[in-house]
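The block underneath contains the structure these notes are about, expressed in structure tokens.
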């Protein structure tokens, strides 16, 4: 597997809506391990496949209680009680956004072996899973800002050297191929 790197805003990979993981094989296990390594090296607590240019519906996270791998995650229930939290993002460095999210979510997902789980996430873990699932739908933290603030943040990021990159995503380049055909 090629080494992974975190894609930075405004890279087009960050706006991809992912495809379901279908093959739970050695290649996927290697991808998950590489994503987890990159998340830890980058000092993040979550990382979605779109952030490394992959169009797979998979994320890794560790909000402090160990590594979790969620493939094909789907929120089945949300608590009505919401709280605001300042969120940062490895793909939008130097920017934090106050995001109002449900305090608790129940998520149906598969692990890297394809086994199904239904788990309730609360507190920080709930916030992280929702943040990363936003990535899988092509949504960034700046999308939670009002339009004027988003305009100024986008301008600031571009001034600081963040430029639109060419299409560098596996899903764009290899949309019809399986993830194991990338290497």
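Annotations for the structure displayed:
- Gaussian network model of the chain, Cα within-10 Å springs - most flexible of 121, 24, 152: 152
- Here 35, 145 are placed in order of increasing Cβ neighbour count within 10 Å, fewest first, which gives 145, 35.
- Going from the fewest other Cβ atoms within 10 Å to the most, the residues 81, 106, 17, 8 appear in the order 81, 17, 106, 8.
- Our compactness index for the chain, the C-alpha radius of gyration over the empirical 2.2 N^0.38 Å, is 0.99.
- Cα-only Debye scattering, the range 83-139: base-10 log of I(q)/I(0) at q = 0.13, 0.18, 0.19 Å⁻¹: -0.38, -0.68, -0.75
- In nm, spacing of pseudo-spin labels at residue 98 and residue 29 (7 Å Cα→C-beta vector): 4.6
- Counting other Cβ atoms within 10 Å as a rough exposure proxy, the listed residues 108, 113 run 113, 108 from fewest neighbours to most.
- Taking the square roots of 5 times each eigenvalue of the Cα gyration tensor of the range 1-103, largest first, gives ellipsoid semi-axes of 23, 17, 14 Å.
- FRET efficiency, residue 111 to residue 86 (Cβ-Cβ, R0 30 Å, nearest 0.05): 0.50
The numbers here are math on the coordinates, done by the rules we state, and not lab data. Just so we're clear, the structure is a prediction, and the values are computed from it rather than from any experiment. Methodologically, a virtual Cβ is constructed for each residue, glycine included, from the backbone with ideal geometry; neighbour enumeration extends over all protein chains shown.
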